[in-house]
Amino acid sequence: MSSSQKPLALMAIIHPKTEEKREQILSLLPKSFFRAPATNCTTWCYLSPSTRKGALKGLLPPSSPPVIIGLEIYTSPASLGYVQNASEFKSFMAQVESQDLYAKDEDQTAWYPTAGFLARSSTQTPPAGLAVLAKFVAKDGAENTKKLVEVLGNYCNWVRDNEPTTLTYCVLTRPKAPNEVLLFERYQDLAAIGAHGKTKEFKNMFKGTGPYLQGKLTRLEEFEEIDGSFVSNQPGGGASQPKL
């Protein structure tokens, strides 16, 4: 399948100018628009760095006010083009400009879901109590990235079948940075991530990635999911799944 036919994940880092303007940005985001089936948006997940004491930190430099991270997943790159040409999106960007809400332009990167799962069925996952983004850097050579993704992907399959309180565990890769691998994780609550890290399968996965990884370059960050987010395999989020 060519990249023009694959699902595309757009990760955007938004840099609000002030805390007040950060709240304005969140209120202006056209959340309901992304629910429209015509957008072919299966996941619209916006995240704020966790304020929990002891939260994982390391992917993002400290900033004040905190950045907003958006992860939008579309059925194809063409669907992203449709969204960016839509009046709802243009109206949002016009308000950002007229109200001077951004300290600087968004940082945008394109990723492609490669292994793991966003949701387990056609239903939308429940809201997450917390989310984690983990970025890995493979050793040089395409074979190392391939093996790293293989180890992570096999573990994702185990998580899908055995950890119902792990809501999302998706591996993404980026052709423009072929050594980089992103892991998108969502958990029901703090207890879920605690249990997740204690299994022998997690420890085996951690050990298994070692030969292919530049371990000192691994970065993780814990996030709070912003209200209105949805994560699904279906455009618009599909039907809601009851809380566990």
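Those strands (runs of 3 or more DSSP E) of segment 150-244 in which at least 2 residues are β-branched (Val, Ile, Thr), considering only elements entirely within it, cover 166-173. Looking across segment 2-27, just one residue is under 23 Å from residue 85 (Cβ atoms), over 17 Å from the mean Cα position of the chain (by Cα) and crowded, with 16+ Cβ neighbours inside 10 Å, and that is 25.
Checking each residue of segment 53-61 against the condition of being surrounded by 20 or more Cβ atoms within 10 Å (Cβ to Cβ), in contact with a Leu (Cβ under 7 Å, 6 or more places away or on another chain) and either outside any helix (DSSP H, G or I) or in contact (Cβ under 8 Å) with a residue 12 or more places away in the chain (or both) gives no match. Using the structure shown, decide if residue 135 is touching a Leu at 6+ places or on another chain (Cβ under 6 Å), surrounded by fewer than 23 Cβ atoms within 10 Å (Cβ to Cβ) and at negative phi. Criteria met by residue 135.
Of 157, 85, 162, all but one fail to be modelled with pLDDT of 95 or more, out of contact with any Leu (no Cβ under 7 Å at 6 or more places or on another chain) and closer than 20 Å to residue 209 by Cα; the exception is 157. For residue 27, state whether it is more than 28 Å from residue 155 (Cβ to Cβ) and of a type in the set (Ser, Thr, Tyr). Yes; evaluated as a whole, the condition is true for this residue. Among the listed residues 125, 168, identify the single one that is at pLDDT below 95, surrounded by 20 or more Cβ atoms within 10 Å (Cβ to Cβ) and not aromatic (Phe, Trp, Tyr). Result of the check over 125, 168: 125.
Could you tell me whether residue 91 is within 19 Å of residue 36 (Cβ to Cβ) and touching a strand residue (DSSP E or B) at 6+ places or on another chain (Cβ under 9 Å)? Spelling it out, it is not the case that residue 91 is within 19 Å of residue 36 (Cβ to Cβ) and touching a strand residue (DSSP E or B) at 6+ places or on another chain (Cβ under 9 Å). Of everything listed in (1) farther than 21 Å from residue 227 by Cβ; (2) touching an Asp or Glu at 6+ places or on another chain (Cβ under 9 Å), the single unmet condition for residue 44 is (1). Residues of segment 79-117 that are small (Gly, Ala, Ser), more than 24 Å from residue 148 (Cβ to Cβ) and surrounded by 13 or more Cβ atoms within 10 Å (Cβ to Cβ): 79, 86, 91, 103. With respect to residue 148, determine if the residue is touching a Gly at 6+ places or on another chain (Cβ under 6 Å) and in contact (Cβ under 8 Å) with a residue 60 or more places away in the chain. No. Within the option set 186, 219, being within 26 Å of residue 137 (Cα to Cα), under 18 Å from the mean Cα position of the chain (by Cα), basic (Lys, Arg) and surrounded by 18 or more Cβ atoms within 10 Å (Cβ to Cβ) holds for one residue only, 186.
The values are calculated or read from the model by the stated rules, or taken from the named source; none is laboratory data. Just so it is clear, the structure is predicted and the values come from calculations on it, not from any experiment. All Cβ positions, even for glycine, are placed from backbone atoms using ideal geometry, and neighbour counts span all protein chains on display.
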